[in-house]
Ligand SMILES: Nc1nc2c(ncn2[C@@H]2O[C@H](COP(=O)(O)OP(=O)(O)O)[C@@H](O)[C@H]2O)c(=O)[nH]1
Ligand SMILES: [Mg+2]
């Protein structure tokens, strides 16, 4: 039964002080024994301190503090490594902003009975988006279409950050070789999951655009996502070596 599984929920945060307390409250109220792992990048609005305060009264909450805004992908990886130490069975990832509503977690966990990865998906029957601008909708649809076409991905929602992975899936993927540090991490991960032959399922969710705080996705992130797709498709291009050398010289992890 899914309910008996130990499940971590990784919540990356950057300036989510208005959302985090109610999100944590709703996660714990599900009564599934969820273990939230907040990964905060020194949010100027004090989200990190607030997370520490929540952790004082709820021992199931962990907080990882990083020195500065280091990107969504690496935040997930920091959370994954912590979850491995907690020896969980399942690892859920979700935004802090309620676009990914905790009410979908039970159906996602049930779907894990016959899947290795479950995506909380906007683009399967029953799924939808609400309160999104048309540019945001086009961006998401466009990124998905390109990723699917170029990489042959079977999932309908390849850019969704609302996912549940079996721990073994994440341990099978060499996380230190993941190229993407930001949002394109999501595309790279689902590509790796498909390449390794894991069973990927999709559960419908209604994605509601955030009501509080602001989105952190930027034009640079969008460009990087496109580059990630090209790189995964035609890996080993000469500039990979150049980028690796550049990063080493700049002292960046990537
Ligand atoms: N720790 C960390 N969290 C981030 C970073 N960038 C975004 N986030 C968080 O990741 C989640 C997704 O970002 P969001 O702004 O909602 O992106 P959107 O849903 O694509 O508009 C939110 O919970 C953000 O607070 C980052 O660099 N570091
Ligand atoms: Mg969001």
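The values are calculated or read from the model by the stated rules, or taken from the named source; none is laboratory data. The structure presented is a predicted model; accordingly, all values stated were derived computationally and were not measured. Cβ coordinates were reconstructed from backbone atoms using ideal geometry, including for glycine residues, and neighbour counts include every protein chain displayed.
Condition first: surrounded by fewer than 18 Cβ atoms within 10 Å (Cβ to Cβ) and within 11 Å of ligand 2 (Cβ to nearest atom). Now tell me which residues in the range 182-209 satisfy that.
208, 209, listed by residue number.
Which residue out of 100, 82 is out of contact with any helix residue (DSSP H, G or I) (no Cβ under 7 Å at 6 or more places or on another chain), under 17 Å from residue 34 (Cα atoms), touching a residue at least 40 places away in the same chain (Cβ under 8 Å) and within 16 Å of ligand 2 (Cβ to nearest atom)? Even if it seems obvious, please write down each step before you answer.
Numbers: 82 fails: within 16 Å of ligand 2 (Cβ to nearest atom).
Unique residue meeting the criteria: 100.
Tell me which residues, restricted to the range 104-126, are within 16 Å of ligand 2 (Cβ to nearest atom) and outside any helix (DSSP H, G or I).
Listed by number, the residues that qualify are 119, 120, 121, 122.
Of all the helices (runs of 4 or more DSSP H) wholly in the range 150-242, which have at least 1 residues that are within 16 Å of ligand 1 (Cβ to nearest atom)?
Values: elements: 167-172, 185-195, 219-233.
So the answer is 185-195, 219-233.
When you look at residue 179, is it within 30 Å of residue 133 (Cβ to Cβ), surrounded by 14 or more Cβ atoms within 10 Å (Cβ to Cβ) and either touching a strand residue (DSSP E or B) at 6+ places or on another chain (Cβ under 7 Å) or at pLDDT 95 or above (or both), yes or no? Working first, answer last.
Values: within 30 Å of residue 133 (Cβ to Cβ): yes; surrounded by 14 or more Cβ atoms within 10 Å (Cβ to Cβ): yes; either touching a strand residue (DSSP E or B) at 6+ places or on another chain (Cβ under 7 Å) or at pLDDT 95 or above (or both): no.
The answer is no for residue 179.
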